Amino acid sequence: MNKPGCRAGRRAREKRRKKHEGVSEVTLTHEAQFVLLRRWLKEKGFASQSLIPVNFHDTGRGLMATQTIKAKDSVISLPEKCLLTTRTVLKSYMGDYIKRWHPPISPLLALCCFLISERYGGDASEWSSYINILPKTYTCPVYFSDDIVDLLPRSLQKKATEQKEQFQELYCSFLMFFHSLQPLFTQPTEELFTQDALRWAWCSINTRTVYMEHDQSDYLSREKDVYALAPYLDLLNHCPNVQVEAGFNKETCCYEVKSVQGCKRFQQAFINYGPHDNHRLLLEYGFVAPDNPHSVVYVDLGTLKLCLDEQDKQLTQKLLYLRDNDFLRNLTFGMNGPSWRLMTALRLLSLKPEQYTCWKSVLLGAVVSRDREEWCIHNALKLCNNLTDDNVKALERVSLIKSVHS
């Protein structure tokens, strides 16, 4: 028969073991690439003991707090020397080539070219410790095949297609600039600056940079220069329910992230990219957030046409008024039902000929009549059911694709 104290001791040990077991199995601190990254950052003045890299089961790689972070305390403070910006690029071996090129290239493209070049340099690259922990591929729509794009909601299909087209245009527009960099490499630039390489660099910057305003350079285009790659800090994952204060502190010369709510020990520390819905998160960052309070479903014009009466002689004029007053964009269903913009658009579309003079007050939110309001509610439900059906069909196609490739 065991003593009560022994049983309690075993239970306590078992509880502690279970609490830390998952973390110990997925901690990345001792992996070679992270050892080198932390050593390299320490040489540049950053040595964080309060955050360690961990592979979490739900979000993938992230940073775990090894001690409690109190509200208003600093989550991370990264010295300016650790940041990769256009200033870094212009001071590098690539700077003279960029300065000589006309018309000037964009800040984004300058960073892309530098990343591709540094990856080509391998271990000899100054930034290799950082380059080596970057993802090898991304899940942004620019990587999607056409059959995957076809699975997206119609409003998102259009934006995903536009993203792919814009990237293609970017690549084709700067083939001559890539060629001008040939003296820097032994390998032909055609083999180095490929579409795949530019897509990787483009996504690395778009998904991982922090917002940091820079003075306009005479050697770059007039596009806003607001990019800064922040090694280690960019391992912080997004959570829509977390509040942080982030920005570059000119007094400390560090990019700082401070927690508004705090973070408990052994929990994942998060950052907040902003109040983005899942469409925007997928387009810009390549993921969606479960239980996202900002999540909405978009109603595009193609779907909205389900509510239109083709016999309505004033239909063309109604659509024109909606377009001129910017009421054919951002029509959504959210957690609380149809948005004010969607209901306003439906109210204008519902107007009978004798009510048409009220269109201005309708665009300001006025309700015309009870029967017209019932028409709007009925058609909002119709739109919602249609979007639900589209979603079910898309999931069926996903299931079919998975079964074919399994």
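The values are calculated or read from the model by the stated rules, or taken from the named source; none is laboratory data. In this text, all values refer to a predicted model and were calculated from it rather than measured experimentally. All Cβ positions, glycine included, derive from the backbone under ideal geometry; neighbour counts span all protein chains shown.
Within the stretch 314-335, being under 26 Å from the mean Cα position of the chain (by Cα) and buried (at least 16 other Cβ atoms within 10 Å of the Cβ) holds for F327, L328, L331, T332, F333. Quick check on T388: is it more than 23 Å from L320 (Cβ to Cβ) and among the polar types (S, T, N, Q)? Considered against the rule, which asks whether it is more than 23 Å from L320 (Cβ to Cβ) and among the polar types (S, T, N, Q), T388 comes out as yes. I'd like to know if the stretch 237-254 contains one or more residues that are among the β-branched types (V, I, T), more than 13 Å from the chain's Cα centre (by Cα) and within 21 Å of L115 (Cα to Cα). Within the stretch 237-254, not a single residue is among the β-branched types (V, I, T), more than 13 Å from the chain's Cα centre (by Cα) and within 21 Å of L115 (Cα to Cα). Comparison of L400, L346, L383 shows that the only residue that is over 19 Å from L156 (Cα atoms), at pLDDT 90 or above and in a helix (DSSP H, G or I) is L346. Listed by position, the helices (runs of 4 or more DSSP H) contained in the stretch 1-112 that have at least 2 residues being modelled with pLDDT of 90 or more and closer than 30 Å to S217 by Cα are 32-43, 86-90, 95-100.
In the stretch 353-370, of all residues being free of Cβ contacts under 8 Å to residues at least 40 places away in the same chain and assigned to a helix (DSSP H, G or I), the one that is farthest from the chain's Cα centre (by Cα) corresponds to E354.
A count restricted to the stretch 185-212 and to residues that are touching a residue at least 24 places away in the same chain (Cβ under 8 Å) and part of a loop (DSSP other than H, G, I, E, B) stands at 4. Going through (1) buried (at least 18 other Cβ atoms within 10 Å of the Cβ); (2) of a type in the set (S, T, N, Q); (3) within 30 Å of P353 (Cα to Cα) one by one, Q311 falls short only on (1).
Of the residues making up the stretch 284-308, those that are buried (at least 18 other Cβ atoms within 10 Å of the Cβ), out of contact with any Pro (no Cβ under 6 Å at 6 or more places or on another chain) and more than 28 Å from C376 (Cα to Cα) are Y285, G286.
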